Every structure is written in C-alpha cells, then in structure tokens.
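Working notes for the structure below.
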Amino acid sequence: MNASYEWLRAFVPFSLSPTELRDLLTSRCATVDDLVPLQADLGAIVIARVVEATRHPNSDHLWITKVDAGTGTLLDVVCGAANVTVNTLYPFAPVGAVLPGGMKIEKRKIRGENSEGMLCSAKELGLGEDKEGIMALTLIAEPGTRFLDAMPIGDTRLVIDVLPNRPDLLSHEGLAREIAAATGGTMSRPEIAEEKPFVIRTHTVKATSGKVGDITVKIEDTDGCMRYAGAVLTGLKVGPSPDWLVRRLQAVGLRSINNVVDVTNYMLVGFGQPMHAFDLERIARGTVVVRKTRGEELIKTLDGVDRTLPPGAVVIGDAERAQAIAGIIGGSGSEVSDGTTEIFLEVAAFNPASIRATRRKLGISTDASYRFERGVDVEAIPALVDYAARLILSVAGGIPQGNPVDLYPLPKRPQPISLKLPRVARLLGEPVDAIEVEKNLRTVGFRIAPEAKDVFKISPPSWRHDVRGDVDLAEEIARLRGYDTFSSELRPFRPSAVPDAPLVAVMERVQDALVAAGLNEIRPMPFVAEGRGATVRVTNPLAEDEAFLRGDLLRTLISRAEYNLARMQGNVRLFEIGTAFFAGEDPAALPGPRKTALPREEMHVAALVMGQRSPTHFTKAIQPSYDEWDIKFLAENAAVAAFPSAAVKLVPGAGETLWDIAVDGIVVGSARRLTLDAPVWAKPAFGLELNLEAIEQGPARSHAYKAIPATPRVQVDLALLAPSSVTAAQIDVLIRREAGDLLESLTLFDEFSGQGIPDGSRSLAWALTFRHPERTLKDQEVQGRTAKIVNALEGELGVRQRTS
Amino acid sequence: MTLSEFQQLVTTLAADGEKLIDAATTASSLEDARTSLLGRKSGRLPELFKQLPSLAPEELREGGSLINAVKAKLEARLEDRRRQLDAASSSKRNVDLTMPARRQWQGSKHPVTLVIEEIEEIFRELGFTIALGPEAETEWYNFTSLNFPPDHPALDLHDTLYLGENVMLRTHTSPVQIRTMQKFKPPIRILSPGNAYRRDFFDASHAPMFAQIEGLAIDDGVSFVDLKATLTHFANQFFGKTKTRFRPSYFPFTEPSAEMDVECQLCHGSGCPGCKGTGWMEILGSGMVHPSVINAAGLDADRYTGWAFGMGPARIAMLRYDIPDIRILYDSDVRFLYQISR
C-alpha cells in the first residue's frame, strides 16, 4: 500500500515528520518499508518574477521577457506561453536544471534571441495535465526562493506492508484513524470544494432490488454480493482532473486517466472502497444486475483482454450481457471515455472468498480485488456513495438523478465479544487496567459496555473484521499500550517434558564424524529430474527438469561435484544429511476421500570424495588421490557413528557398489564408485549413502573402560603366501580362531604380488600381538599358538608361511 | 660538503650495506659485513659520521637524521639476516624452517547448520529440546490446524509446492508444533529446525527450499511477557548486547502476534541502506499461540497458553558471514565451503 504523507494530513492534522510517522505506524499497526521523497526532481526550480515582457521580433507567439530569479541580475528568457504576465510569479528552471521529463535547461538562442532559463508549465513540472500556459503562482515569495519551499507540493510516499488481517489500513482514512488515535487528533474526511453543493442522501433498502433515476438495480446473487449501492449522474463533462487530484494520485503512484475514473481511484486509495463507473449509455435497457455468470460468458476487460468467465464468477450485467467482473475489473464495453456524459457509479461489497476464487482462476489481481478479498467496510458504503457522487459532480459538473439506491438485503449484525480482563492479564503476563483498556479501545472505534466486574461487552467497529475473539482484543490492548511497555524479565519456567527427537543425536554424531574426516557439509536443493529412483513428483514444479524429489542424496552430491568440476575444482569432499523421498502407498487403497498418500521419508547421510587425499605439500610432490579404501573407512566411520551400539559390517557388493553397509545384518546403505560427468583431469569419485532411520535404536551406550595392560606383549609377524581364491577376511577369521583370547590385535600390513610370488598367489603379511592380562607370556606359549595357526592356514585354506 | 653530496654518500652506503648483508651466508661472513659497515674503528658508517661537521651549521640537523636513519635500517637488516641464518642452521639437517606446514583438509559444517546450532545452544539453556517432523505434509497439518482460513489472502504468503490433492511440501516447520502437542503433554518447550518449501523462484534472496527454525512453549499460564523475555534474552545472547523492538504483526496461528527487530547489525542503529534507514533489522516473527491451534492439537486452550516464534537461519547466516546472494549457500562451491572451514 502506497500512502501520501500530505494526503494523510488532509484527514488528520499532525506534526510528525515523515520518519516519525514511519516509526509510529511501524510500532503500532503496519510496517513502513520505505519512505520515498516525491518531487525531489524539482529541487533546482526557483520562483521568479517576470519584470518585462515584449513581443519577439521574429515570431508571432513568442515573448522576450526579463526575469528576476533572485540572482541579482535580470535574465533574458524567451517564453512561448500566451499567458505570460508582467509582475507575476512563475516557477523558473535556471540554466543547468533538469526537468522531471529529463530535459536539461541550457543557455541558447531562440530565433536569434538569448534565453537563460525557462518559465515552466504545470505539465513540464509533472504537476498536472494543464499545458495551456505557464504556471502562474498566487503565493507571496521572494524571487529566488526554492519552488519546493514555497509551494505545498512536496510530499513523501510511504510504502506500507499491510498484513492480510488489517484491510482497514489499505486506505488513507484507515491509516489516519490510527494516527488520530495515537496523536490525540481528530480525523475528518477532506472537504469537497463544491461550486453548487448537492444534497445527496443514499436510500438504503433491505431488499434485493430498487431503482435509482430510471435505472433498475438488482442483486440476484446475494451470496456473492452483500451490499450494492449505485448513483446515477448525468450532464457530466469528462476531461482532465484538477491538479490537486492528479497530485494525490501521483503521490501514491497512480496515473491520472480522466476526472471520473480518477475519483473512483481516489476513493479506493483514500477510503479503501473500490468503486466502478459505468457509461450509462452502454447499459442496455436501464438494468444493472449482480448475478452469477451464465454458461460460457465472454467479456473484454478494461485491460483489453478477452476473457472467458470462470464458473461461479459474479458479474455485473445489464439486460443483455456482462459489463464487469464484479469487484475485479470492469468491461471495456461500458468504459468511461471522453464522450461519456452520464454514469452509473457502483459502490458495493462482494464476498471475499468468491472474489479470491475468481481472480485466482483468471490469474489477475487488481487494486479492487485486493481490497474486496480482504474485506471492505460494509457499513461505510452509504456515506461513501454520497461523498464520491459529490466529488464527481465537483470535478466533472453534472447533476444527480435522484438519490442513490443502496441494496442491503441482509444487514450484518454486530457480534459483541465478551472480554474478561483477568484472562487478558493472564495471557499478556501483566495486569491490565480497565480504565486504560476502555480509553484505548475507544480511540480506534470499539464500543464498550460493562457486563460485570472486570467483564466488558465489546463491539468492534465495522471495519475490523479481524477482531472476533478475546485473543484478538488482547492484541489490540497490547498494541495500543505498546508492545515495548511490557516487561522482558525472564520468569521461572518448567523445562520441556518432550525428549529430543531420537534422530537429533544420530545426525549430530554422523556430522561430527564426517567433519572430523575433513569433509564439508552442504545443504543443497532436493529437486531432481524424473527417474533414477526419484518417484515423488511435485504437481506444480518451478521447472520441469526439477519436478521430482530425490530418492537418494548421492545424486544431489554428484551434481554438486560436477558443479565444482565445471569451475576447475577437483578436490571435492562433500557430505549432506537430508531427506530422501519415496512414493507412498497406493492412493486407491487409502481409506476416506483423500486420494493422495503422503510420501515416505527417510533421513539419509551421503558423502562424496574425489581428488587429493591431503593438501599439496613440498615433501611429497604428488599427493595420492582418494580411493576405495578411503570410502570404506568413511562408510564404516559414518555407520558406527550412526549406530554405535550395533555391529557394522561392510559386505563386498557387485557392480558399481563396492560394499553394502550392513548394521546388525541389515543392509542400510552402500559405498560406491561414482560415475560423473567429469573432465579428463578429474580424479575418480567415491561415495557413500546410508539411511539413518534404518534400524530402531535407543540412546547410545558408552564403551566401558578396559584396564590398560601392564604386562609385556609379544609380537609375531607372519608372511603368508595365499592362493588368489582365499580372501583376507577368511585368513583373519582363521587366525583369530586359532590364536584364542591371548591375541590382542591382528593387523594386515602388506599385500604383494609379482616378482618372487608364484602366479595365482599373493603375499599377505600380518602382525600379531599376544598378551596375557596378568603375567608375562612364555616364548613356548606364543610359538605353540603360532605353529597352530600356520598349520590350520595350510590345512584349511592352502595358505603357506613364506620362507624367504 | 653540501647536504646533497652528503645525502648521495648516505644513500650509496645504504644500498651497498644491504647488498653486503644479504650476501652473507654464514654467521662469520655476516659478522664481517657488520664490522665493515658499522665497526667502530674503520666502519663506513662511523667514517661518514666524521664528515658531518663539514656541512653548513644549518644543515647539520638534517644530515644527522639522514645518517641515523640509515644506521637503524642497517642494524635491523643485520638482525633479520641473523635470524634467517640461525633458523637455517639450527637443525643438523639444515632445514629451512620458513617452508610451509603440512596441512590437512579441514572439514566444516554448513553456515546454516552453524547458525541453527548456535540458536539451539541458547534455547537449550532455557529448557528447550529439539523436535523434528516430516517435510511432506497434509493440508490439515500445514494450514487447517494452524488456523489458516480456507481460501484466505494469508495463503498468498505461502505459495505452495503440492505433491497431490491436499498433500504438499510444508511451507513452514509449524506442523511440528501440532505433531508435538498431539504427542506430548505440557510443559512443552521445543525447537524445530528443518527445511521448508515455497514456490519461489531462485534469486538473490529467495530459494524454493530454505531452512527454518521455530520454537514453541506451552504450559499453564505462559504469557506474552515470557515470549518477550525469552526472545530478548536470545537476541542478546546471539547478537551480543543489542537493542530489540517488538511490534504488531500477523500470523494466523498466533494472536497477539509480534515481529522482533534488533538493532541493524551493519550500522548499529544509525540508519543505512541495509536497514533502509530505520536502524532496525527484522529477525523473527512470534506470537501467543492461537487458542484454536492449541485446541486443534488436542490440548485444552482454556488451561494452556503458549507462545511460538520462527526465523530463517539462512538470512542470519548471510548477515553473519556477509554473503550477498542466498544461492551461494546452496551452490556448494568448495571454495566457499573452504572459507567457512577456516
């Protein structure tokens, strides 16, 4: 909502500066997002007096003038206006000034005569449509005075963010009401400057039809239209609006169209009531009817678009066709134009939900629909019809045809709210004073009647549809007192009875583990193209190639790695903890009318590594790149962090899958070699992904302390020659079995094949550490066990100890 | 001698001296250089000092300061070179200790995660716990139970990505409030961090998915003062001692509703383009939970009251790390992530 500072002052006199006004409105009712000084482009214009005017020798319409612009010397100015008059003050643009249209004033010769500046018309200054002559000023000012300082045209536009619950603030009157309440001022509607005042008194009837002048007005759709009033004005002269009206509209960013249309816009921005003027000559058989659209109705609207009316739309029709889409936009067929002499002025209240539904189906939003779908002040209508009719007559001439008619078949009953002050005090946390509450609420139009001790019956004003219950009144009470007056001292509280969501700790542990391993967390968008496991479709996606929600996170990580490769970044270590989506159950199988199932969601972790395993350092010219053993570690690490109390095992997989990650025997994810759209210089990429919700788990148990042994250890290295068919895991299991509980640790420290090793075999070297927890081991004990291991390896697996 | 001749000699000495010092590769050759430059007996600098009196009396002061400046410069140069040579010879292996350290990759949490964690830490001290909920929701959880009137302009602020009839990607994390109240009895004090979705095209300040963190406190007699006090405490913890301001706002699920502003973090209240001259920055929306929301979740609104707030950690991260474009947070450029890890 754009508001004009000066327009607000026309409703309520106040002495706040624009910044003070901004702070007042922001802290009281609606955030002022911006203050825009208007007419700032007139800063260079000064007031000048024409001292002498003679005919230009080479022109029959130009004047040569001597102008006093307060500079100390008289300036020569050539002027083309017929109305130039000696001893009169005019706005003057000196050499160097730039006019609102962008024209720069320069010293030049006009038909041989010097001209050092320009006397300006209202149009040239962007202050009106009057371009007939230069703008004679009736004020008293010294030549040289800044035009903006002398004229009441400076203004500031307030850009206000009005929230959906306060449509009453979508007008100057509504804002002025709050300003008046805050400053103690009195609000009144601006006086209309009428040459011959008409007494216009709207005739309200509790009926669905009535007459104004020769026009029959009917509400057929009482659901879509709560109240419908109209005035008939004839003998009008449609033309440019007076300057004050143009200026008001310009101040809020509206363009002047003609005097009649300008008044309807003035009423909308000034009073929050959209109005529409129909050219009465185009209304067939003197009939105006508010009805639902019939069949496939077509209408060409004011914006020049041919529209098919959606079913359920409310229209304003004449005896033959739809002439306007009610509350949204008028039809071009009955548009007020320069030739119009008589109008039907509509002032109505339409059903907000119906307006909203229709304008959404049409895909448009207008200043009118914006206010109707939020709700206008239904009770204000009769007074506004009168006001608007008088205003039109004052700017366009003409006479009213009878009194306006106002159809109000089902008057709205006020719904008083019972307000118990102790309840408000409990909610706000501080005592509320009955006298203060009463006083404050009255300033913004509430009516108050005592019901019992500390209980009031409160009737909100007709423009406050948002106030329905006692909590709404609590907000009024708090905001009128000022939120900032309430205490901000912490008071005792009871800690939450809600335990942390179990996933919280899991996610934290996994995050810490991967950060410690040198990976960077990312939080990318989850949208992907169809296929590759993406099964959940967005009905109204932002882009067709991102219409699905991913079924796995690695897919997103791959795209992020490719993004980095495209930017020549080959060292990529990313991880994400995020949601994977899967299509829910078959909707047809769902009970009840709802035929869309919620997708199933899983919280996953995924990681991707590629490039150098550590940063470049001069001690090692070529840094090794990440390989499968790194991703195996990261997978084990992530799985153990996620499921600390379970048995984690990486099971060799097939194809691109290097390992399946098994937790207590259940496969919860995998570690993979990844295929990327990568340049030749890129190193191989590896990834892991696991489902953090795959198994139920309680809180993580801590590992109990095991005594650090004081007894000496005995180390034995075994170099083994193993057939290729035997796995390291088989050997590992066998060694542990044969060594028994004296074996403290078993480490594979070398793998070798090639020179000196028979084909079809490899050498595997293991370090075994034996220790007894209480005493020193005897050599024979260790030798005995080693021999037993070697025998079993040879006997069961064909693995021999290497001799050389 | 004229001052300019003297100055010429001083400059030459300075240049020769620096060359000599840099050329020394051992402690003893450095000592030789020192002697030849500054040595009491025949050093070049003391020799030049002796020439000083040949200057005109009014030039003495200037000549003296010239030569003293060169003396200080050479002494510093000698000291630097001594340290370099010491460093190079301190180890038996003759290691150049000026060479760079062996670094490791530093992992990092995402800036948005860091902001969320910081918020959680402050609220945990005030007895809050963490609740989570699904990102795909039904209309009932996302709108109806939260007191959104059907087909109301308030919905315009929640442009929704739908997954089917009545099923959508949640437009805020508020459904977690309902799910928590359905499952637990007060006292409830929870934070719900998570992703929310709006049908906003990606630009410098909008993303179709964004992180949100909400708080909810429900108990017997929880009041607006509790809301103000807790959020003011939070602002002072999070931003450092700061001014705050509460002003009316509107959310269908709270009444009264309030927006909290803190002093603009860029200009500290004096007004700048970042805060459009107001001196304030909007940080979070909040309010007293609407009774119909409490009732919809199955609690008794006559007995329990509560307050809630919501904020966008991405916006705060942008403020904190001076990030001009929200897309930087989601693009996952490793150079950006690397900056954060440092």
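Kindly check whether there is at least one residue in the range A:243-256 that is within 28 Å of A:Ala313 (Cβ to Cβ), under 38 Å from the mean Cα position of the chain (by Cα) and crowded, with 17+ Cβ neighbours inside 10 Å.
Yes, because at least one residue in the range A:243-256 is within 28 Å of A:Ala313 (Cβ to Cβ), under 38 Å from the mean Cα position of the chain (by Cα) and crowded, with 17+ Cβ neighbours inside 10 Å.
All but one of (1) assigned to a helix (DSSP H, G or I); (2) at pLDDT below 85; (3) open to solvent by less than 70 Å² (accessible area, probe 1.4 Å) hold for B:Ile67, so report the exception by its number.
So B:Ile67 meets the others, but not (2).
If I filter the range A:139-149 for residues that are part of a strand (DSSP E or B) and at pLDDT 85 or above, do I get at least one hit?
Yes, the range A:139-149 contains a residue that is part of a strand (DSSP E or B) and at pLDDT 85 or above.
Please work out if B:His268 is on the phi > 0 side of the Ramachandran plot and more than 8 Å from chain A (Cβ to nearest Cβ).
Considered against the rule, which asks whether it is on the phi > 0 side of the Ramachandran plot and more than 8 Å from chain A (Cβ to nearest Cβ), B:His268 comes out as yes.
Give me a count of the residues in the range A:350-367 that are open to solvent by 20 Å² or more (accessible area, probe 1.4 Å), within 16 Å of A:Tyr228 (Cα to Cα) and in contact with a strand residue (DSSP E or B) (Cβ under 9 Å, 6 or more places away or on another chain).
The number of residues fulfilling the criteria is 2.
Assess whether A:Asp406 counts as being in contact with a Leu (Cβ under 6 Å, 6 or more places away or on another chain) and away from chain B (no Cβ under 14 Å).
No; evaluated as a whole, the condition is false for this residue.
Pick from the range A:676-697 the residues that are without any contact (Cβ under 8 Å) to a residue 60 or more places away in the chain and either open to solvent by 50 Å² or more (accessible area, probe 1.4 Å) or in a strand (DSSP E or B) (or both): which of them is farthest from A:Gln511 (Cα to Cα)?
A:Val680
Keeping to the range A:456-486, report how many residues are farther than 18 Å from A:Glu379 by Cα, in contact with a Lys or Arg (Cβ under 9 Å, 6 or more places away or on another chain) and not in a helix (DSSP H, G or I).
Qualifying residue count, the range A:456-486: 4.
Give me the pairs: first residue in the range A:561-576 and in a helix (DSSP H, G or I), second residue hydroxyl-bearing (Ser, Thr, Tyr), beta-carbon distance under 7 Å, and six or more apart or on different chains, which are they?
Partner pairs satisfying both residue conditions: A:Tyr563/B:Ser332.
When you scan the range B:287-300, do you find a residue that is within 11 Å of another protein chain (Cβ to nearest Cβ) and surrounded by fewer than 22 Cβ atoms within 10 Å (Cβ to Cβ), even just one?
Checking the range B:287-300: at least one residue is within 11 Å of another protein chain (Cβ to nearest Cβ) and surrounded by fewer than 22 Cβ atoms within 10 Å (Cβ to Cβ).
Would you be able to tell me the number of residues in the range A:2-31 that are crowded, with 23+ Cβ neighbours inside 10 Å and either within 11 Å of chain B (Cβ to nearest Cβ) or in a loop (DSSP other than H, G, I, E, B) (or both)?
4
Tally time: how many residues in the range B:284-342 are among the acidic types (Asp, Glu) and more than 30 Å from A:Asn571 (Cα to Cα)?
So the answer is 2.
Given the conditions (1) in contact with a Gly (Cβ under 7 Å, 6 or more places away or on another chain); (2) surrounded by fewer than 24 Cβ atoms within 10 Å (Cβ to Cβ); (3) more than 7 Å from chain A (Cβ to nearest Cβ); (4) outside any strand (DSSP E or B), report the number of the one that B:Phe238 does not fulfil.
Tallying (1) in contact with a Gly (Cβ under 7 Å, 6 or more places away or on another chain); (2) surrounded by fewer than 24 Cβ atoms within 10 Å (Cβ to Cβ); (3) more than 7 Å from chain A (Cβ to nearest Cβ); (4) outside any strand (DSSP E or B), B:Phe238 fails exactly one: (1).
When only residues in the range B:329-342 that are farther than 16 Å from B:Gly312 by Cα, modelled with pLDDT of 90 or more and part of a helix (DSSP H, G or I) count, which is most open to solvent (accessible area, probe 1.4 Å)?
Per the criteria, the residue is B:Arg335.
Mind listing whichever residues of the range B:244-290 are within 14 Å of B:Arg315 (Cβ to Cβ) and not in a loop (DSSP other than H, G, I, E, B)?
Once the filter is applied, which keeps residues that are within 14 Å of B:Arg315 (Cβ to Cβ) and not in a loop (DSSP other than H, G, I, E, B), the range B:244-290 yields B:Glu259, B:Met260, B:Asp261, B:Val262, B:Gly274, B:Cys275, B:Met281, B:Glu282, B:Ile283, B:Leu284, B:Gly285.
Every residue, every condition in (1) open to solvent by less than 20 Å² (accessible area, probe 1.4 Å); (2) touching a strand residue (DSSP E or B) at 6+ places or on another chain (Cβ under 6 Å), yes or no:
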position: B:Thr129; (1), (2): no, yes
position: B:Leu132; (1), (2): no, no
position: B:Ser145; (1), (2): yes, no
position: B:Thr173; (1), (2): yes, yes
position: B:Val176; (1), (2): yes, yes
position: B:Thr180; (1), (2): yes, yes
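Mind listing whichever residues of the range B:110-147 are outside any helix (DSSP H, G or I), facing chain A (nearest Cβ under 10 Å) and more than 17 Å from B:Gly194 (Cα to Cα)?
Matches in the range B:110-147: B:Leu126, B:Gly127.
Here is a check on your reading of the model: is A:Asp500 in contact (Cβ under 8 Å) with a residue 40 or more places away in the chain and either in a loop (DSSP other than H, G, I, E, B) or open to solvent by 50 Å² or more (accessible area, probe 1.4 Å) (or both)?
Taking the combined requirement at face value, the residue does not satisfy it.
Considering only residues that are among the hydroxyl-bearing types (Ser, Thr, Tyr) and open to solvent by less than 30 Å² (accessible area, probe 1.4 Å), which ones fall in the range A:338-349?
Answer for the range A:338-349, where residues must be among the hydroxyl-bearing types (Ser, Thr, Tyr) and open to solvent by less than 30 Å² (accessible area, probe 1.4 Å): just A:Thr340.
State which residue is most open to solvent (accessible area, probe 1.4 Å) when the search covers only the range A:708-739 and only residues that are touching a residue at least 60 places away in the same chain (Cβ under 8 Å) and assigned to a helix (DSSP H, G or I).
Looking at residues that are touching a residue at least 60 places away in the same chain (Cβ under 8 Å) and assigned to a helix (DSSP H, G or I), I get A:Gln730.
Hey, can you tell me all the residues within the range B:158-204 that are of a type in the set (A, V, I, L, M, F, W, C), within 23 Å of A:Glu546 (Cβ to Cβ), assigned to a loop (DSSP other than H, G, I, E, B) and at the interface with chain A (Cβ under 9 Å from one of its Cβ atoms)?
The answer is B:Leu161, B:Phe201, B:Phe202.
Let's see how each residue does on (1) surrounded by 21 or more Cβ atoms within 10 Å (Cβ to Cβ); (2) without any contact (Cβ under 8 Å) to a residue 60 or more places away in the chain; (3) of a type in the set (A, V, I, L, M):
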{"residue": "A:Met135", "(1), (2), (3)": "yes, yes, yes"}
{"residue": "A:Gly144", "(1), (2), (3)": "no, no, no"}
{"residue": "A:Leu158", "(1), (2), (3)": "yes, no, yes"}
{"residue": "A:Pro190", "(1), (2), (3)": "no, no, no"}
{"residue": "A:Thr208", "(1), (2), (3)": "no, no, no"}
{"residue": "A:Val232", "(1), (2), (3)": "yes, no, yes"}
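The values are calculated or read from the model by the stated rules, or taken from the named source; none is laboratory data. Not measured: the values here are computed from a predicted model. Note that each Cβ is placed from the backbone with ideal geometry, even for glycine, and that neighbours are counted across all protein chains shown. Calculation scope for accessible area: heavy atoms of the full protein, side chains included, ligands and nucleic acids excluded. Shrake-Rupley method; radii C 1.70, N 1.55, O 1.52, S 1.80 Å.
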